[in-house]
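Here's the structure, in structure tokens; my notes come after.
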Amino acid sequence: MASISIKLNRNRRNKIGEASIFFQIVNNRKNSSIVTGLHVKDEYFLGEPQKVLRSNAPNAEALNKELWNLYLKFQEKLLSLNTTGRSKKMTVVEVKKYLLSDEDVFSLNNSVVTFTDYAQKHLQRYTGQSYNTNKRMIAMVTDFFKGKTIFFEDITVGALRNMDDLWGKTMAINSRAIYFRNLRALFNRAIDDGVCKEYPFRSFKIKSVNKEKDFLPVEYMRKLRNLNFLETENLRELTRDAFLLSFYLCGVILDDIYIWKPENLVDGKIIFVRDKIARHEPNKIKITVPPEAMEIIKKYKGKNYLLNFAEVYPNYENFIGYITHRIKDIAKRIGYPSLTFYYARYSWATYADKLGIDEKVISKSLGHTDKSVAGRHYISYDWKRTDEANRKVIDYLCASY
């Protein structure tokens, strides 16, 4: 049988030391809470449904009336659940969702949106590396809860801290930060959709450390560009060419290259919206394709796609797996200790900075979102500045021969 009572959370206080008033729900020996948003000094709290606050508490009469009305509303809904026997078949989280909804007991669905169902649904909005990262995040959270049904309310601040401790045994701090940021983004979206109300990231700080950016020194980039491959090494050659194509186009990432269509190439310019931020920042990137990049585009020309990567390797996960494996081999060939596809992006930015190119131009060329009000709403960026910067960077590489 589900029940509800009014409690004082002495562990959660506002800036002046007042404790939080909340409703505690108990069902099937589990409990959950509904936060009222009201705070009071400990000595004013009585906790009786009709008289939660002592009469000498500030604004006691109005607050007591408000809390009593809420209590009656919740009690009435719980009575419906208990008399129909529905509460026995519901989790405490489902009871909480019902109390906060406008539904009556007869319109209740047999299921409530779970974290897993919601996450899987929104996973389909992603492609490329974003898809892989979010898929991995969902699997990690599911593993943490040992495969049981997960509701957003289960992912508390304590759960996040325990996740951090567990993942920290096998994962670097910045890697954990990537997954936590994706989980936080999912929470924000769920709150916007009205699926959950609790927000544990308000009290959980995502930890990360600044590290030296990985880039390929120009002498090694020269070796990479000069590599020769056997006829049987077509996938290694493709990997090298895709790496260079990224570099020649201001560090564009493989996720975007893979999905480009012929219509993304207009009058010698590659025009696209970064897939990673397309949902909330649909501004187009416009880069004049230099001859070095155009040569690679023609070499791998596709039919339905600009490049045939998605036609020869229609599964992106397999394609990136092939690339990741071969790029490690390329690192060995040029005598460099480590290499990933992102080195193309980092190297372009590092060379541009070394050449004295304005940081704003570097940022826009990389496709970063402009954080300033003027940049987002008033200034129309001149992409000729990116073309000039890109030519300087490529010439810098060529001058190293």
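The values are calculated or read from the model by the stated rules, or taken from the named source; none is laboratory data. For clarity, every value in this text was computed on a predicted model and none was experimentally measured. Reconstructed Cβ throughout: ideal geometry from the backbone, glycine too, with neighbour counts over all protein chains shown. Surface accessibility is based on the protein's heavy atoms, side chains included, excluding ligands, DNA and RNA. Shrake-Rupley method; radii C 1.70, N 1.55, O 1.52, S 1.80 Å.
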So the carbon and sulfur contribution to the accessible area of the stretch 14-74, 1.4 Å probe, in percent, is 48 percent
Helix 343-354: inclination vs the chain longest Cα principal axis, degrees, rounded to 10, gives 80 degrees
Fraction of alpha-carbon pairs in the stretch 123-178 farther than 14 Å apart, rounded to whole percent, equals 61 percent
Straight-line reach check, K135, cutoff 15 Å on alpha carbons, 8 or more apart in-chain or any other chain, hits among aspartates and glutamates -> D117, D143, E317
In nanometres, the difference between 0.36 nm per residue of separation and the alpha-carbon distance of N315 and N283 is 8.8 nm
One can check that the equivalent ellipsoid of the stretch 207-317, built from the alpha-carbon gyration tensor with semi-axes equal to the square roots of five times its eigenvalues, has lengths in Å, largest first, of 22, 21, 15
Averaged over all viewing directions, the convex hull of the alpha carbons in the chain casts a projected area in nm² of 26.0 nm²
Length gained if K89 through R181 is fully extended, taking 0.36 nm per residue and subtracting the Cα-Cα distance, is 29.7 nm
Once normalised by the length of the chain, the mean sequence separation of its alpha carbon contacts under 8 Å that are 6 or more apart gives a contact order in percent of 11 percent
Long-range alpha-carbon pairs in the stretch 129-231, meaning those over 24 Å apart, account in percent for 38 percent
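For the stretch 295-346, give the percent of accessible area contributed by carbon and sulfur heavy atoms, probe 1.4 Å, rounded to a whole number.
50 percent
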Mean shadow area (nm²) of the C-alpha convex hull around the stretch 58-187 is 11.4 nm²
Set K269/K360; K261/K354; K197/K286, cut-off 29 Å on Cα-Cα distance; pairs above it are K261/K354; K197/K286
So the angle from the long Cα axis of helix 128-144 to the longest Cα principal axis of the chain, reported in degrees to the nearest 10, equals 40 degrees
Any residue on another chain or 5+ positions along whose placed amide H is under 5 Å from the amide H of F272 is listed here as I285
Using alpha carbon positions and the Kirkwood radius, the Rg to Rh ratio of the stretch 1-109 is 1.01
Quick calc, A139 & R391: beta-carbon distance into FRET formula, R0 45 Å, rounding 0.05, result 0.55
Computed over the stretch 163-315, protein heavy atoms only, probe 1.4 angstrom, the accessible area per residue in square angstrom equals 54 Å²
If the chain between I16 and D382 were fully extended at 0.36 nm per residue, the gain over the current Cα-Cα distance would be 126.7 nm
Share of accessible surface on carbon and sulfur in the stretch 88-247, whole %, 1.4 Å probe and ligands ignored, is 47 percent
Nearest 10, in degrees from 0 to 90: the angle of helix 173-192 to the longest Cα principal axis of the chain is 60 degrees
With every protein chain kept in place and a 1.4 Å probe, the stretch 9-97 has an accessible area per residue in Å² of 61 Å²
